[in-house]
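Worksheet for the structure shown next.
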Amino acid sequence: MSNPFSYIFSCLFVLIAHAGMLVNVFFNGKEVDTKEFVILCAAVLGLDIIYYFVMLFYKQHTYTVDFMLLLVLNMSVIFQSCFGGVHLSMKHYITCIVSLIASRVGYHLVRDHRWIQSKKKYVWVCIGIMMGVIVLFTGSRSMWIDLGFMTIQPSEFIKPLLVIACATSITEQQNKHKFLQFNIVWENIILFGITAAVCLLQWWCRDLGSIPTFAAIYAAGFLLRICYPKAKFSNKTLIGAGVAVLIAAGIGIYLAPDYVRARLFVNIWDDTTGNGYQQSQALIAIAEGGWLGKGPSNGFLHEVFAYESDIVFATICEEWGLVIALMTVVVILLIAASPLINPPLSYFHGTLCAGVCAAFTVQMALNIFGSCNLIPFTGVTIPFISMGGSSMATSGIMAGMLTAAQNPVFAKMKSAKPKKQKKVTGGQPA
Amino acid sequence: MYDNGLIFCAVTAAALDLCILILIIASYREKSSSRKRWKSFSSDMELFENGRSYYLGCDEVLIGRHGSADIRLHDMSVSRYHAIMTITDGVWTITDIGSKSGIYVNGRPVKQKKLHENDIITLGSRRLVFRKRRDKKK
C-alpha cells in the first residue's frame with residue numbers, strides 16, 4: 001500500500017459519516033425499535049469494517065473510488081432501511097454487497113487494457129446474448145425476467161458491455177478500409193449498429209428511459225474518438241451527427257406510444273391523480289422536507305408507488321432534507337469525476353471513464369429532474385441509491401471500471417516480429 | 001424535530017462533508033504516488049527539442065501537427081498524425097502511423113522502433129532527442 005495514512009483516514013471518516021447518519025436515525029427516527037436499530041447499525045458498520053480488511057488484499061495505488069462506493073452504498077442502505085419505519089432492508093443490503101462484489105469483477109475485467117482489447121469480439125457476443133435473452137424472455141411490453149424469488153432486468157447488463165465495446169474500438173481508428181468511395185472503420189459501423197439495435201430493442205420493450213443512457217455512452221465514445229489519431233472528424237461530420245440526433249429524437253417523439261406522449265406534455269397539477277400523480281407527490285414531499293427533512297421514517301412518500309426507486313431522490317429529500325440528498329448526489333458525481341483527479345494513462349481507460357461518467361450522470365439527471373418535474377418522468381434509477389439488483393450490480397461493475405482505469409496494468413505486449421526489430425535497432429549512438 | 005433534530009441533522013451533514021473532504025484529499029495524495037509509479041515504470045523519459053521538452057505522461061503518446069495530438073509540432077513538414085509512442089515494460093517504441101515524410105531514428109528510416117536513451121528522432125524537419133527527464137529547477 002503506497003499511502004497507509006490515506007487508507008486509514010479514509011476508513012475512519014467513512015465510518016464516522018455512517019455513524020453520524022445512524023445517530024440521526026436513532027434520535028430523529030419515528031418510533032425506533034432498539035432491536036431493529038442495533039441490527040441496522042451492526043449491518044452497516046460491520047460491512048464497513050469487513051470491507052476495509054478485504055480491500056487490504058488488493059494492492060492498489062488508489063482506493064478513493066472504493067471508499068466512495070462504500071460510503072454511498074451504506075448511505076443507501078440507511079436511507080432504504082428508514083422508509084416507512086426503521087428496519088434493515090435486507091433485500092437492499094444484499095444487493096449492496098452484490099454491487100461491491102461486482103465492482104471487483106469490473107476492476108479485474110478491464111484493468112489490463114491490452115487483454116480486454118484482444119477479447120473484444122467476446123464483448124460483442126455477450127451483448128448479442130443479452131439482446132437475445134431480452135427478445136426471448138422479457139417480451140415486447142416488459143423489461144423484466146421473473147425468476148420467482150427475484151426479477152432480473154437484462155438490459156441493465158448491456159450498459160457496462162457497451163461501455164467496454166466503445167472503449168475497445170477506440171484504438172481501431174487507424175484501420176481504415178476502402179469501401180466504394182469511402183474510407184471506413186468497420187469497428188465504428190459495428191458499434192453504431194450495436195447501439196442502434198440496443199436502442200430499438202429498448203423501444204420494443206417499452207423501456208424508453210434507458211435509451212438516453214445508451215445514447216450517452218455511445219456519444220461519449222464517439223466524441224473521444226474525435227481526439228484519437230487518424231479519426232479525422234470534420235466539423236461537417238459533427239454538425240451532421242448533431243442534426244441526425246435531433247431528427248432521431250423528433251421521429252422518436254412522433255412515433256412514441258400515447259402514454260409516453262401524455263407524459264411529455266402533461267401538466268402534473270391538472271392531473272394529480274393520473275399521469276402527474278408521482279411527480280406531484282414527489283414535489284410536495286421535497287417542499288415539505290425542506291433543507292433538513294422531516295426526519296428518517298417520518299415522511300409520507302413511502303406510500304407512493306416506486307418511492308424506493310423511481311422517485312427515491314424525493315423520498316430522501318423528504319425524510320433527510322435537501323442538504324443530505326444533494327450531498328449524496330455529490331458523492332456519486334465524485335465517483336464519476338474521480339478520473340479527473342487521477343487521470344487514466346491510456347486512450348482505452350480514458351474512453352471507459354467517459355462512458356461510465358456519461359451513464360451515471362444521465363441516469364441521475366433523468367431520475368432527479370424527472371422527480372422535480374423539470375423533464376418528463378422516465379422511471380430510471382439513481383445508481384447505487386435506488387432499489388434494484390440489476391441496476392446495483394451493473395453500477396458496481398462500472399464503478400470497478402473506474403477503479404481499474406486509475407490502477408492499470410501495463411502487461412507485456414507480444415511482439416510479432418522480434419528478430420526483425422533487432423536488426424533495425426543496430427545503430428545506437430554512444 | 002427542530003429542537004434536537006437541527007443538531008443531529010447538522011452533525012450528519014458535517015460528518016458527511018468531512019468524509020467527502022478527506023476522500024478528496026486522499027485522492028490527491030494517491031495521485032502523487034501514482035505519478036511516482038508511472039515515473040518508475042516509464043523510465044521517466046521525455047522528448048527534447050531546442051530548449052523545449054515534452055513529457056511522456058501516458059502509455060500512448062500521439063505526435064503530430066493536429067490540435068488533438070499529445071505532442072503538437074507546428075510544422076508543415078510534420079503530418080497531422082505523424083507517429084505514436086507506446087510503452088511496454090519500460091521500453092518506449094515509436095511507430096509511424098502513415099506520415100508523409102516518415103520517421104528517422106538516428107538517421108535511419110523506420111516504421112517501428114524501440115527507443116534508447118539519447119536516440120535522435122527526426123519527424124519532417126524537426127529533430128527530437130529521446131532522453132531522461134531533467135529537473136528544470138536545477
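For residue A:16, indicate whether it is hydrophobic (A, V, I, L, M, F, W, C), buried (at least 18 other Cβ atoms within 10 Å of the Cβ) and within 12 Å of chain B (Cβ to nearest Cβ).
Numbers: hydrophobic (A, V, I, L, M, F, W, C): yes; buried (at least 18 other Cβ atoms within 10 Å of the Cβ): no; within 12 Å of chain B (Cβ to nearest Cβ): yes.
So residue A:16 fails the test.
Looking only at residues that are crowded, with 19+ Cβ neighbours inside 10 Å and farther than 21 Å from residue A:342 by Cβ in segment B:13-44, which one is farthest from the chain's Cα centre (by Cα)?
Step by step, filter segment B:13-44, then rank; the result is B:13.
For segment A:259-279, which positions are touching a residue at least 60 places away in the same chain (Cβ under 8 Å) and of a type in the set (D, E, K, R)?
A:263
If I go through segment B:78-133 residue by residue, how many of them are over 18 Å from residue B:67 (Cα atoms), assigned to a strand (DSSP E or B) and of a type in the set (A, V, I, L, M, F, W, C)?
12
Among the candidates B:49, B:30, B:60, single out the residue that is among the charged types (D, E, K, R), at the interface with another protein chain (Cβ under 7 Å from one of its Cβ atoms) and touching a residue at least 24 places away in the same chain (Cβ under 8 Å). Break it down into steps so the answer makes sense when it comes.
Details: B:49 fails: at the interface with another protein chain (Cβ under 7 Å from one of its Cβ atoms); B:30 fails: touching a residue at least 24 places away in the same chain (Cβ under 8 Å).
Exactly one residue qualifies, and that residue is B:60.
Can you pull out the residues in segment A:122-171 that are closer than 16 Å to residue A:201 by Cα, within 19 Å of the chain's Cα centre (by Cα) and outside any helix (DSSP H, G or I)?
A:143, A:144, A:153
Evaluate the following for residue A:360: is it at positive phi and either within 11 Å of chain B (Cβ to nearest Cβ) or crowded, with 21+ Cβ neighbours inside 10 Å (or both)? Working first, answer last.
Details: at positive phi: no; either within 11 Å of chain B (Cβ to nearest Cβ) or crowded, with 21+ Cβ neighbours inside 10 Å (or both): yes.
Against the criterion (at positive phi and either within 11 Å of chain B (Cβ to nearest Cβ) or crowded, with 21+ Cβ neighbours inside 10 Å (or both)), residue A:360 does not qualify.
Name the single residue, out of those in segment B:16-72 being of a type in the set (Asp, Glu) and in contact with a Lys or Arg (Cβ under 8 Å, 6 or more places away or on another chain), that is modelled with the lowest pLDDT.
Keep residues of segment B:16-72 that are of a type in the set (Asp, Glu), which gives B:17, B:30, B:44, B:46, B:49, B:59-60, B:70.
Add one more test, that the residue is in contact with a Lys or Arg (Cβ under 8 Å, 6 or more places away or on another chain), and what stays is B:44, B:46, B:49.
Values: B:44: 81, B:46: 89, B:49: 89.
So, considering only residues that are of a type in the set (Asp, Glu) and in contact with a Lys or Arg (Cβ under 8 Å, 6 or more places away or on another chain), the one modelled with the lowest pLDDT is B:44.
Considering only segment A:64-122, state which residues are aromatic (Phe, Trp, Tyr) and either in contact with a Cys (Cβ under 7 Å, 6 or more places away or on another chain) or more than 14 Å from chain B (Cβ to nearest Cβ) (or both).
Let us first name the residues in segment A:64-122 that are aromatic (Phe, Trp, Tyr), namely A:67, A:79, A:83, A:93, A:107, A:115, A:122.
Selection gives A:83, A:93, A:107, A:122.
Considering only residues of segment A:19-35 that are more than 13 Å from chain B (Cβ to nearest Cβ) and not in a helix (DSSP H, G or I), which is nearest to residue A:84 (Cα to Cα)? Before the answer, list the steps.
Looking only at segment A:19-35, we keep the residues that are more than 13 Å from chain B (Cβ to nearest Cβ), and these are A:31, A:33-35.
Applying the additional criterion that residues be not in a helix (DSSP H, G or I) yields A:31, A:33.
On the way: A:31: 11, A:33: 13 Å.
Applying the filter and picking the extreme gives A:31.
Which number in (1) more than 29 Å from residue A:115 (Cα to Cα); (2) within 16 Å of the chain's Cα centre (by Cα); (3) of a type outside the set (Phe, Trp, Tyr) marks the one condition that residue B:58 misses?
Unmet condition: (1).
How many residues does segment A:35-52 hold that are surrounded by 15 or more Cβ atoms within 10 Å (Cβ to Cβ) and free of Cβ contacts under 8 Å to residues at least 12 places away in the same chain?
Let us first name the residues in segment A:35-52 that are surrounded by 15 or more Cβ atoms within 10 Å (Cβ to Cβ), namely A:36-37, A:39-41, A:43-45, A:47-48, A:51-52.
Among the residues that remain, those that are also free of Cβ contacts under 8 Å to residues at least 12 places away in the same chain are: none.
Count: 0.
Hey, among A:151, A:138, which residue is at pLDDT below 90 and surrounded by fewer than 21 Cβ atoms within 10 Å (Cβ to Cβ)? Steps first, please.
Values: A:138 fails: surrounded by fewer than 21 Cβ atoms within 10 Å (Cβ to Cβ).
Just one listed residue meets the conditions, A:151.
Listed here are the residues, each with its yes/no results for (1) buried (at least 20 other Cβ atoms within 10 Å of the Cβ); (2) more than 12 Å from chain B (Cβ to nearest Cβ); (3) aliphatic (A, V, I, L, M); (4) more than 30 Å from residue A:61 (Cβ to Cβ).
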site	(1), (2), (3), (4)
A:305	no, yes, no, yes
A:308	yes, yes, no, yes
A:314	yes, yes, yes, yes
A:329	no, no, yes, no
A:338	yes, no, no, no
A:342	yes, no, no, no
A:345	yes, no, yes, no
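Hey, can you tell me all the residues within segment A:90-121 that are more than 24 Å from residue A:345 (Cα to Cα), surrounded by fewer than 19 Cβ atoms within 10 Å (Cβ to Cβ) and not hydrophobic (A, V, I, L, M, F, W, C)?
Answer for segment A:90-121, where residues must be more than 24 Å from residue A:345 (Cα to Cα), surrounded by fewer than 19 Cβ atoms within 10 Å (Cβ to Cβ) and not hydrophobic (A, V, I, L, M, F, W, C): just A:91.
Taking the stated definitions as given, is residue B:10 surrounded by 14 or more Cβ atoms within 10 Å (Cβ to Cβ), more than 7 Å from chain A (Cβ to nearest Cβ) and assigned to a helix (DSSP H, G or I)? Can you show your working first?
Details: surrounded by 14 or more Cβ atoms within 10 Å (Cβ to Cβ): yes; more than 7 Å from chain A (Cβ to nearest Cβ): yes; assigned to a helix (DSSP H, G or I): yes.
For residue B:10, the condition - surrounded by 14 or more Cβ atoms within 10 Å (Cβ to Cβ), more than 7 Å from chain A (Cβ to nearest Cβ) and assigned to a helix (DSSP H, G or I) - is met.
Which residues, counting only those in segment B:33-46, are within 11 Å of another protein chain (Cβ to nearest Cβ) and not aromatic (Phe, Trp, Tyr)? First the steps, then the outcome.
First pass over segment B:33-46, keeping only residues within 11 Å of another protein chain (Cβ to nearest Cβ): B:33-38, B:41-42.
Listed by number, the residues that qualify are B:33, B:34, B:35, B:36, B:37, B:42.
Just to be sure, is residue A:38 over 26 Å from residue B:29 (Cα atoms), over 22 Å from the mean Cα position of the chain (by Cα) and at the interface with chain B (Cβ under 10 Å from one of its Cβ atoms)?
Numbers: over 26 Å from residue B:29 (Cα atoms): yes; over 22 Å from the mean Cα position of the chain (by Cα): yes; at the interface with chain B (Cβ under 10 Å from one of its Cβ atoms): no.
No: the conditions fail for residue A:38.
Output the residues belonging to segment B:73-94 that are β-branched (Val, Ile, Thr) and in contact with a Lys or Arg (Cβ under 7 Å, 6 or more places away or on another chain). Reasoning before the result, please.
Keep residues of segment B:73-94 that are β-branched (Val, Ile, Thr), which gives B:78, B:84, B:86-88, B:91, B:93-94.
Listed by number, the residues that qualify are B:78, B:88, B:91, B:93, B:94.
Only one of A:289, A:274 is in contact with a helix residue (DSSP H, G or I) (Cβ under 9 Å, 6 or more places away or on another chain) and crowded, with 20+ Cβ neighbours inside 10 Å. Can you tell me which? Before you say what the answer is, go through the steps one by one.
Details: A:274 fails: crowded, with 20+ Cβ neighbours inside 10 Å.
That would be A:289, the only listed residue that is in contact with a helix residue (DSSP H, G or I) (Cβ under 9 Å, 6 or more places away or on another chain) and crowded, with 20+ Cβ neighbours inside 10 Å.
Output the number of residues of segment A:363-414 satisfying the condition of being under 22 Å from residue A:211 (Cα atoms), more than 14 Å from the chain's Cα centre (by Cα) and either touching a residue at least 40 places away in the same chain (Cβ under 8 Å) or crowded, with 24+ Cβ neighbours inside 10 Å (or both).
Kept after step one, since they are under 22 Å from residue A:211 (Cα atoms), are these residues of segment A:363-414: A:363-399, A:401.
Still in the list and also more than 14 Å from the chain's Cα centre (by Cα): A:368-379.
Next cut, either touching a residue at least 40 places away in the same chain (Cβ under 8 Å) or crowded, with 24+ Cβ neighbours inside 10 Å (or both) only: A:368, A:370-373, A:376-379.
Looking only at that region, the number is 9.
The values are calculated or read from the model by the stated rules, or taken from the named source; none is laboratory data. Quick caveat: nothing in here was measured; it's all calculated off a predicted structure. Here Cβ is always computed from backbone atoms with ideal geometry, including for glycine, and neighbour counts include all displayed protein chains.
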